[in-house]
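Asks: Before I ask anything, let me first share the structure, which is written out below as structure tokens.
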Amino acid sequence: MDAFYASVEERDFPQLKGIPLAVGSPKERGVVATANYEARKYGVRSAMSSKVAMLKCPILHFQPPRFEVYKAVSECIHDIFAEYTDMVEPLSLDEAYLDVTHNKKGMPSATIIAQEIKNKILQTTRLTASAGVSYNKFLAKIASDYRKPDGLFVILPNQAQEFLMQLPVERFYGIGKVTAAHLHQMNIYTGSDLFKKTKYEMVQIFGKSGLYFYDAVRGIDNRAVEPNRERKSYSVETTFEKDLTTSFAVIAELYALEQRLWKDIENSGKSGRTLTLKIRFADFTTLTRSYSAELPLLTFDHLHKTAKRVLKRMDYTAKPIRLLGIGLSNLIDDTEIRDIQLSMDFDI
């Protein structure tokens, strides 16, 4: 979807159209969830702090997010996807991969399917979407961003190599600002430059990511679309209006986060073995610590005690804290939980 949250707000509140708009909070510790295209002309981007966004665009208007509305629109869009294929892998509320190789309508052209879906989304939601069509995930993702907004771009197999050779490395999916800067230091600016590096060189410099870059510039991506991709973890975090400067404040805020996390875990019917705490200090340095228990954390009390144990291993009083986060991974489902509980009862 094109600037999804902002586009929904413009649709529902027409007076917002044509002005620089950010969905998020204008507070000092606020973050931009999405910016419309007028705001992006000023350099405002998603995940940017509201403070920086307002410096870049003093006339920026902030609109509070309405996630229930965005979720409802997303469900409507997924209903449209389901008319064509069940092979849908959601990435977020506003983005998904579709495999239409064997589609429900027997249509021979993925490009025609993409255009039909775009039209139906516009008719149903009054919102525009951009589609990328190609023979693998990597290329389809790049193509979906290539002609935004309201774009449709196709990369055929016989076009992929030429297309990738001229592409700036910044536009490769998975290459962020830091990696791009590193590549520039190596005089790598385009796919053509990247293509000249051997697999050994890429692995030596970037580790496993180097293998990905080596394959990507050759148009290789063998990942399948996974419609029932299993969730690997649950996590919650909070950025504070004022930095936390006392142990008591940290412990109190962490307890509130534990309660939020436990509510999500209970609703999911899962539990997990590995608990991770994240602390981001006022200077933006980040500290994370994890602990893996032998048995899953089946009660809130167990989760709370484990979080206290992990926190004690962290030097969290050295600097003011702007963000706290807690997560649970190594998940098991409710069937496995019942088996463990029965085993424990039997042992007792």
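No lab work stands behind these numbers, since they all come straight from the coordinates. The structure presented is a predicted model; accordingly, all values stated were derived computationally and were not measured. Cβ coordinates were reconstructed from backbone atoms using ideal geometry, including for glycine residues, and neighbour counts include every protein chain displayed.
Asks: Suppose every K and R has +1 on its Cβ and every D and E has -1 on its Cβ; what is the size of the dipole of region 1-123 about the Cα centre, in Debye to the nearest 20? Before the final figure, lay out the partial values.
Replies: Numbers: 15 positive and 16 negative charges, 126 e Å.
Dipole size: approximately 600 debye.
Asks: Rounded to the nearest 10 degrees, what's the angle between the helix 334-347 long axis and the longest principal axis of the chain, both from Cα atoms, 0 to 90?
Replies: 20
Asks: Also, quick follow-up: DSSP loop (so not H, G, I, E, B), at most 11 other Cβ within 10 Å: list which GluC sites (Glu not before Pro) in region 236-341 pass both filters. Intermediate values should be presented prior to the final figure.
Replies: Values: sites: GLU237, GLU241, GLU253, GLU258, GLU266, GLU294, GLU336; in loops: GLU294.
Here the sparse-neighbourhood loop sites are GLU294.
Asks: Taking the Cα-to-Cβ direction at ARG309 and at ASN119 and moving 7 Å from each Cα, how far apart do the two end points lie in nm?
Replies: About 6.0 nm, to one decimal.
Asks: Still on this model: For region 4-65, how big is Rg over Rh, using alpha carbon atoms and the Kirkwood form of Rh? Working shown, then result.
Replies: Details: Rg = 10.0 Å, Rh = 10.9 Å.
Over the Cα atoms of region 4-65, Rg/Rh equals 0.92.
Asks: Additional query: Put one equal scatterer on each alpha carbon of region 164-216, apply the Debye formula with no solvent term, and list log10 I(q)/I(0) at q = 0.28, 0.29 1/Å to two decimals.
Replies: Each listed q maps to, in turn, -1.28, -1.38.
Asks: Then there's this: May I ask for the Kirkwood hydrodynamic radius of region 110-263, worked out over all distinct Cα pairs and given in angstroms to one decimal? It would help to have the intermediate numbers written out before the result.
Replies: Working: mean 1/r = 0.0527 Å⁻¹.
This gives a value of 19.0 Å.
Asks: A further question follows. So how far apart, in nm, are the two label points at THR286 and LYS196 if each is 7 Å from Cα heading toward Cβ?
Replies: Placing both labels 7 Å beyond Cα along the Cβ direction yields 3.4 nm.
Asks: State, in angstrom, two size descriptors of region 233-347 derived from its alpha carbons: Rg to one decimal place and Dmax to the nearest whole number.
Replies: For region 233-347, the Cα radius of gyration and maximum Cα-Cα distance read 15.0, 51 Å.
Asks: Rounding to the nearest 10 and keeping the result within 0 to 90°, find how far the Cα-based axis of helix 110-125 lies from the longest principal axis of the chain.
Replies: 60
Asks: Using only Cα atoms, locate the centre of region 120-167 and the centre of region 229-275, then give the distance between them in Å, rounded to an integer.
Replies: Here the two parts' Cα centres lie 37 Å apart.
Asks: Same structure again: Net charge near VAL8: determine it from the other residues with C-beta under 14 Å of the C-beta of VAL8, scoring Lys and Arg +1 and Asp and Glu -1. Mind dumping the intermediate values first?
Replies: Details: positive: ARG11, LYS17, ARG66, LYS71, ARG126; negative: ASP2, GLU9, GLU10, ASP12, GLU68, GLU75, ASP94.
Cβ neighbours under 14 Å give a net charge of -2.
Asks: Can you give me the orientation-averaged projected area of the convex hull built on the Cα atoms of region 100-146, in nm²?
Replies: Numbers: hull surface 14.1 nm².
Result: 3.5 nm².
Asks: Would you compute, from DSSP H runs of 4+ residues alone, the mean residue ellipticity of the chain at 222 nm, taking -39500 (n - 2.57) per run and dividing by the full residue count, rounded to the nearest 500?
Replies: Values: 14 runs with 149 residues, N = 348.
Mean residue ellipticity, 222 nm, calculated: -13000 deg cm²/dmol.
Asks: What nm value, rounded to one decimal, do you get for the distance between ILE19 and LYS51 when each label is placed 7 Å out toward the C-beta?
Replies: 2.5
Asks: Please identify every one of the trypsin sites (Lys or Arg not before Pro) in region 202-286 that sits in a loop by DSSP and has no more than 14 other beta carbons within 10 Å of its own beta carbon. All intermediate terms of the calculation are to be shown ahead of the outcome.
Replies: Numbers: sites: LYS208, ARG218, ARG223, ARG229, ARG231, LYS232, LYS242, ARG260, LYS263, LYS270, ARG273, LYS278, ARG280; in loops: ARG218, ARG223, ARG229, ARG231, LYS232, LYS270.
Of the trypsin sites (Lys or Arg not before Pro), the ones in loops of region 202-286 whose Cβ has at most 14 other Cβ atoms within 10 Å are ARG218, ARG223, ARG229, ARG231, LYS232.
Asks: If you average the C-alpha positions of region 194-224 and of region 296-310 separately, how far apart do those two centres end up, in angstrom?
Replies: Rounded to whole Å, the Cα centres lie 40 Å apart.
Asks: With charges only on Cβ, +1 for K and R and -1 for D and E, what is the dipole size of region 4-65 about its Cα centre, in debye, rounded to 20? Don't jump to the answer; show the numbers that get you there.
Replies: Values: 9 positive and 5 negative charges, 49 e Å.
It comes to approximately 240 debye.
Asks: Right, next: If Lys and Arg each add +1 and Asp and Glu each add -1, what is the summed charge of the other residues whose beta carbon sits under 13 Å from the beta carbon of LYS199? Don't skip to the end; give the middle numbers.
Replies: Numbers: positive: LYS196, LYS197, LYS208, ARG218; negative: GLU201, ASP215.
Once positives and negatives cancel, what remains is +2.
Asks: Taking 8 Å as the Cα distance limit and 6 or more residues as the minimum spacing, I'd like the relative contact order of region 248-296 as a percentage. Write out the running numbers ahead of the final one.
Replies: Details: 32 pairs, mean separation 14.5, N = 49.
Relative CO of region 248-296 lands at 30 percent.
Asks: Hey, could you pull the Cα Rg and Dmax for the chain, both in Å?
Replies: My reading of the Cα-based Rg and Dmax gives 23.1, 67 Å.
Asks: Using +1 at the C-beta of Lys and Arg and -1 at the C-beta of Asp and Glu, which of ILE117, THR198, ILE188 has the Cα lying farthest in the positive direction of the dipole of the chain?
Replies: My answer, from the dipole projection, is ILE188.
Asks: Let me ask something else about it. Can you pull out the trypsin sites (Lys or Arg not before Pro) in region 42-120 whose DSSP state is coil and whose Cβ has at most 15 other Cβ atoms within 10 Å? Walk me through the numbers on the way to the answer.
Replies: On the way: sites: ARG45, LYS51, LYS56, ARG66, LYS71, LYS104, LYS105, LYS118, LYS120; in loops: ARG45, ARG66, LYS104, LYS105.
For trypsin sites (Lys or Arg not before Pro) across region 42-120 that sit outside H, G, I, E and B with at most 15 neighbouring Cβ atoms in 10 Å, the list reads ARG45, ARG66, LYS104, LYS105.
Asks: Another question, then. Please give the per residue volume of the convex hull enclosing the alpha carbon atoms of region 50-126, rounded to a whole number of Å³.
Replies: Details: hull volume 10.0 nm³, N = 77.
Per-residue hull volume (Cα only) is 129 Å³.
Asks: Now a separate question. Helix 300-312 versus the longest principal axis of the chain: what angle, 0 to 90°, nearest 10, using Cα atoms?
Replies: Approximately 90 degrees, to the nearest ten.
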